[in-house]
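As structure tokens, the structure follows; a few thoughts come after it.
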Amino acid sequence: MKNQVKIGIIGTGGIARAYARAYREIPEAAIVGLCDIVPGKADDYGEVQGFTNAKTFVDYREMLDKLDLDAVSVSTPNVSHSFITVDALQAGLHVLCEKPMSVTLEEAVDMAKAAKKAKKILSIGFQPRYDRNMQNIRKLVQSGVLGDIYYVETGGGRRRGIPGKSFIKKDEAGFGAIADIGCYSLDMALNALGYPKPLSVTAHSSDFFGRSPKYAGNWNPKEFEVEDFGTAFVRLEGGIVLYFKISWAMHLDSMGATFFLGKDGGLKCTPASTGNWGGAWDGSVGSITLYHDLEGHQTESPIPIQQGEQRNLFTDKVRDFVLNVQNNGAAPIPGEQIVRNQAVIDGILRSAQSGREVSIEIPEI
Ligand SMILES: NC(=O)c1ccc[n+]([C@@H]2O[C@H](COP(=O)([O-])OP(=O)(O)OC[C@H]3O[C@@H](n4cnc5c(N)ncnc54)[C@H](O)[C@@H]3O)[C@@H](O)[C@H]2O)c1
């Protein structure tokens with residue numbers, strides 16, 4: 001076998017448990033370093049997850065300095081994705097960074113530039129890309145069967161799904177539902193379209209549920225600092241309009257389907273589950289229907305849903321990253337592409353703040 005890929009995990013909180021499960025199943029990966037800013041947390045994680053040979057650190061820079069690593073997984077809260085990723089790339093390492101890519105567009109651009117300069121892989125953690133039904137949606141949109149696409153509607157919503165913890169703190173998460181689960185909806189739609197350049201956006205956000213004692217769950221409403229709802233009208237290159245809506249909490253079971261309208265056909269995709277924690281596109285696809293005219297007949301063609309797969313999408317995402325590092329491949333979900341996802345989110349937040357349309361300018365990478 002080729003050399004194992006030596007990996008350090010930075011941020012050993014909630015989602016790092018999914019990383020542990022994944023890395024344990026990937027023989028091509030060796031976890032040699034663990035880092036968490038909270039003293040003792042990386043040690044506890046190493047013990048519980050069975051990475052007992054890994055060295056532990058509280059300062060990721062010390063880990064980059066002291067260990068002979070090939071790559072890092074960045075699973076810290078959003079605000080530190082950018083500077084940790086840039087430092088790791090500059091240290092000559094490949095990076096798998098959690099979603100959303102960053103907080104600001106500027107940070108995302110810095111990350112993509114650093115990857116380009118270092119000639120290293122920077123991949124962003126959108127595991128729904130590995131779902132067969134999601135892949136079919138992209139194939140259908142890319143096949144041309146819809147003709148020229150002029151309108152896309154996407155988004156999602158949980159009836160009660162405010163995550164609490166670091167997710168509601170501005171200085172850790174940076175923003176709320178718009179980026180946390182909205183980035184998945186945007187990735188689903190933009191990836192299917194081939195990631196057209198976003199041009200402008202007008203948006204609105206609110207925080208009624210997060211701040212209301214009436215709906216408080218495992219968080220203190222007085223400490224809720226981000227938005228729990230957002231909606232936007234985004235112009236994309238090629239004359240396409242994207243309408244987006246996202247909610248961590250609402251008086252509704254679902255925000256409805258994601259759909260694509262083209263001159264020759266429409267494609268409607270519904271989420272597999274709705275309700276309290278369902279309804280966002282970090283989950284799976286319930287149905288895909290193609291609407292088209294067949295010999296003059298208005299026709300609806302259901303696209304078969306792949307069900308019952310025992311695969312774990314999170315593990316697929318981590319394995320794809322590791323194998324590409326091992327084989328000198330390319331980033332499976334390239335940071336340079338996801339800069340456009342971040343540009344839309346950045347535009348949404350600027351527009352929501354100013355109450356008017358803003359243009360989106362993405363610096364050259
Ligand atoms: N892909 C997915 O399915 C998925 C699911 C949940 C969360 N996430 C993403 O993963 C990230 C982390 O989320 P989480 O739920 O694990 O949060 P968390 O708060 O549970 O864990 C984050 C950990 O990072 C540590 N940390 C913070 N700053 C650090 C630094 N500078 N250096 C080292 N460690 C540091 C914290 O102490 C904490 O242990 C977020 O960006 C989130 O959006 C992705």
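Consider residue 99 carefully, then state whether it is within 14 Å of the chain's Cα centre (by Cα), buried (at least 19 other Cβ atoms within 10 Å of the Cβ), modelled with pLDDT of 95 or more and more than 30 Å from residue 264 (Cα to Cα).
Numbers: within 14 Å of the chain's Cα centre (by Cα): yes; buried (at least 19 other Cβ atoms within 10 Å of the Cβ): yes; modelled with pLDDT of 95 or more: yes; more than 30 Å from residue 264 (Cα to Cα): yes.
Answer is yes for this residue.
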Of 90, 4, which residue is more than 20 Å from the chain's Cα centre (by Cα), surrounded by fewer than 20 Cβ atoms within 10 Å (Cβ to Cβ) and within 21 Å of residue 111 (Cβ to Cβ)? 90
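Based on this model, can you work out whether residue 55 counts as more than 10 Å from the ligand (Cβ to nearest atom) and surrounded by fewer than 22 Cβ atoms within 10 Å (Cβ to Cβ)?
Working: more than 10 Å from the ligand (Cβ to nearest atom): yes; surrounded by fewer than 22 Cβ atoms within 10 Å (Cβ to Cβ): yes.
When the stated conditions are applied, residue 55 passes them.
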Flag if residue 140 is in contact (Cβ under 8 Å) with a residue 60 or more places away in the chain, in a helix (DSSP H, G or I) and either more than 16 Å from the ligand (Cβ to nearest atom) or within 17 Å of the chain's Cα centre (by Cα) (or both): yes
Checking 46, 92 in turn, the sole residue that is on the phi > 0 side of the Ramachandran plot and away from the ligand (no atom under 11 Å from the Cβ) turns out to be 92
Name every residue in the stretch 66-89 that is among the charged types (D, E, K, R) and within 11 Å of the ligand (Cβ to nearest atom), in order of residue number. 87
Could you run through the stretch 257-291 and say how many residues are surrounded by 18 or more Cβ atoms within 10 Å (Cβ to Cβ) and either more than 17 Å from residue 138 (Cα to Cα) or not assigned by TED's automatic domain parsing to the domain that holds residue 143 (or both)? 4
Among the residues that make up the stretch 334-354, is at least one of them in contact (Cβ under 8 Å) with a residue 60 or more places away in the chain and in a loop (DSSP other than H, G, I, E, B)? no
Take the residues in the stretch 289-307 that are among the hydrophobic types (A, V, I, L, M, F, W, C) and assigned to a strand (DSSP E or B); name whichever of them is nearest to residue 131 (Cα to Cα). 303
Going through 182, 144, 164 one at a time, which residue ends up being at pLDDT 95 or above and under 20 Å from residue 277 (Cα atoms)? 182
Residues 111, 101, 134: which one is within 16 Å of the ligand (Cβ to nearest atom), touching a residue at least 24 places away in the same chain (Cβ under 8 Å), in a loop (DSSP other than H, G, I, E, B) and closer than 27 Å to residue 312 by Cβ? 101
Note on residue 106: of the conditions (1) of a type in the set (D, E, K, R); (2) closer than 22 Å to residue 37 by Cβ; (3) outside the structural domain of residue 235 (by TED's automatic domain parsing), unmet is (2)
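Could you grab me the full set of residues in the stretch 106-126 that are over 21 Å from residue 326 (Cα atoms) and surrounded by fewer than 24 Cβ atoms within 10 Å (Cβ to Cβ)? Write out each step before concluding.
Going through the stretch 106-126, the residues over 21 Å from residue 326 (Cα atoms) turn out to be 106-111, 113.
Answer for the stretch 106-126, where residues must be over 21 Å from residue 326 (Cα atoms) and surrounded by fewer than 24 Cβ atoms within 10 Å (Cβ to Cβ): 106, 107, 109, 110, 113.
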Those residues of the stretch 1-27 which are touching a Ser or Thr at 6+ places or on another chain (Cβ under 6 Å) and either more than 7 Å from the ligand (Cβ to nearest atom) or more than 19 Å from residue 80 (Cβ to Cβ) (or both) amount to 9, 19, 22, 25
Failed item, numbered, when residue 30 is tested on (1) near the ligand (Cβ under 8 Å from one of its atoms); (2) surrounded by fewer than 20 Cβ atoms within 10 Å (Cβ to Cβ); (3) among the aliphatic types (A, V, I, L, M): (1)
List pairs: first in the stretch 281-295 and closer than 20 Å to residue 314 by Cβ and within 16 Å of the ligand (Cβ to nearest atom), second of a type in the set (Ser, Thr, Tyr) and not in a strand (DSSP E or B), Cβ under 8 Å, 6+ apart or cross-chain? 281/184; 281/185; 282/184; 283/273; 284/273
For a quick check of your reading of the model, give me the residue pairs whose first member lies in the stretch 17-43 and is in contact (Cβ under 8 Å) with a residue 40 or more places away in the chain, whose second is charged (D, E, K, R), with beta-carbon atoms closer than 8 Å and at least 6 apart or on different chains. 22/317; 22/319; 25/319; 26/319; 28/2; 28/319
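The values are calculated or read from the model by the stated rules, or taken from the named source; none is laboratory data. Note that this is a predicted model, so its numbers are computed, not measured. Glycine also receives a Cβ, built like all others from the backbone with ideal geometry; neighbour counts cover every protein chain displayed.
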